[in-house]
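Colleague: The structure's right below; bear with me while I get my questions together.
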């Protein structure tokens, strides 16, 4: 092949893995208390919050990308935030990609964790309370271990969904090499410029990655079913 593998292939791969890793970590930190509240709260408006979190499941990525572009631009909140360190905008930057990816992948992390917390029921926490465990300790020593399959599922789905993003990242990040040109955008650019070899290498890698994700999800589901029985 007549292209520079280290520069043209590994650069978007590295950037994509960094983006997916940062996004997944942030989603686990933010999504865990949100999923816990959705699973345990008796509030009448919690399903409204759940529906808002789930909007990316049905909303066209370009619609979300458009509003994020406005919000992250120089005239939006992102511009004011970027001004704190001398910048002008968060659009077409890596931090902007992280913000967009967190919002777009949130339901893929929050929902599995919420389902795991709900499936756990009240009994384990009631037992922990009788043993004088504080709510905080019961959460970390009882709820989190019991919901670990949900955390694993959410982490895998969040990571995989971020890797496969296209519409949102293209809208708010464009195609800046080394900064915002992730795998999906790189494949698009290669096809646009008829660089079929490069596009084939990246596309094949994405297919293999997708297969591994589906296989991992299947194995997790079988293990959970076996433990539950």
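Colleague: Consider just the alpha-carbon atoms of the range 63-110 and return their Rg together with their Dmax, both in angstrom.
Modeller: Every Cα atom of the range 63-110 included, Rg and Dmax give 11.0, 34 Å.
Colleague: What's the exposure ranking of 151, 104, going from fewest to most Cβ atoms within 10 Å?
Modeller: Numbers: 151 19, 104 25.
Final ranking by Cβ density, sparse to dense: 151, 104.
Colleague: Do the sum for the chain: with -39,500 (n - 2.57) for every DSSP H run of n ≥ 4, divided by all residues, what is the mean residue ellipticity at 222 nm, to the nearest 500 deg cm²/dmol? Don't skip to the answer; put the middle values down first.
Modeller: Values: 11 runs with 162 residues, N = 229.
Using -39500 (n - 2.57) per qualifying helix, the result is -23000 deg cm²/dmol.
Colleague: Further, regarding this structure: When 62, 16, 218 are ordered from fewest to most other Cβ atoms inside 10 Å of their Cβ, what list results? Working shown, then result.
Modeller: On the way: 62 13, 16 25, 218 10.
In order of increasing Cβ crowding within 10 Å: 218, 62, 16.
Colleague: Could you compute how fast the range 101-140 diffuses translationally, taking Rh as the Kirkwood radius over C-alpha pairs and applying Stokes-Einstein at 37 °C with viscosity 0.692 mPa s? Give it in µm² per second. All intermediate terms of the calculation are to be shown ahead of the outcome.
Modeller: Working: Rh = 11.7 Å.
Diffusion coefficient, whole number: 280 µm²/s.
Colleague: Given just the C-alpha atoms of the range 1-137, how large is their convex hull per residue in cubic angstrom?
Modeller: Values: hull volume 26.9 nm³, N = 137.
In the range 1-137, the Cα hull volume divided by residue count equals 196 Å³.
Colleague: Once each part is reduced to its C-alpha centroid, what is the distance from the range 176-229 to the range 112-158 in angstrom?
Modeller: 30
Colleague: For the range 20-91, how big is Rg over Rh, using alpha carbon atoms and the Kirkwood form of Rh?
Modeller: Details: Rg = 15.5 Å, Rh = 14.4 Å.
Taking Rg over the Kirkwood Rh, I get 1.07.
Colleague: Next question, about the same structure. R0 = 30 Å: FRET efficiency of residue 211 with residue 52, Cβ-based, nearest 0.05?
Modeller: Details: r = 33 Å, r/R0 = 1.09.
Taking R0 as 30 Å, the efficiency between residue 211 and residue 52 is 0.40.
Colleague: Hey, another quick one. Which whole number in µm²/s is D for the chain by Stokes-Einstein, with the Kirkwood Rh taken over Cα pairs at 20 °C and 1.002 mPa s? Please report the intermediate quantities before stating the final value.
Modeller: Numbers: Rh = 19.4 Å.
Stokes-Einstein gives a translational diffusion coefficient of 111 µm²/s.
Colleague: Oh, and also: Hey, what does the equivalent ellipsoid look like for the range 109-207, semi-axes from the Cα gyration tensor as sqrt of 5 times each eigenvalue, largest first, whole Å?
Modeller: Details: eigenvalues 402, 31, 17 Å².
Equivalent ellipsoid semi-axes, largest first: 45, 13, 9 Å.
Colleague: Compute the distance in nm between two label points, each set 7 Å from the Cα along the Cα-to-Cβ direction, one at residue 188 and one at residue 75.
Modeller: Computed distance between label sites residue 188 and residue 75 equals 2.4 nm.
Colleague: Please compute the modelled spin-label separation between residue 14 and residue 131, points set 7 Å along Cα→Cβ, answer in nm with one decimal.
Modeller: Between residue 131 and residue 14, the simple spin-label model gives 4.7 nm.
Quick note: the coordinates plus some simple rules give every number you see, no bench work behind them. Keep in mind it's a predicted model, so treat the numbers as computed, not measured. Methodologically, a virtual Cβ is constructed for each residue, glycine included, from the backbone with ideal geometry; neighbour enumeration extends over all protein chains shown.
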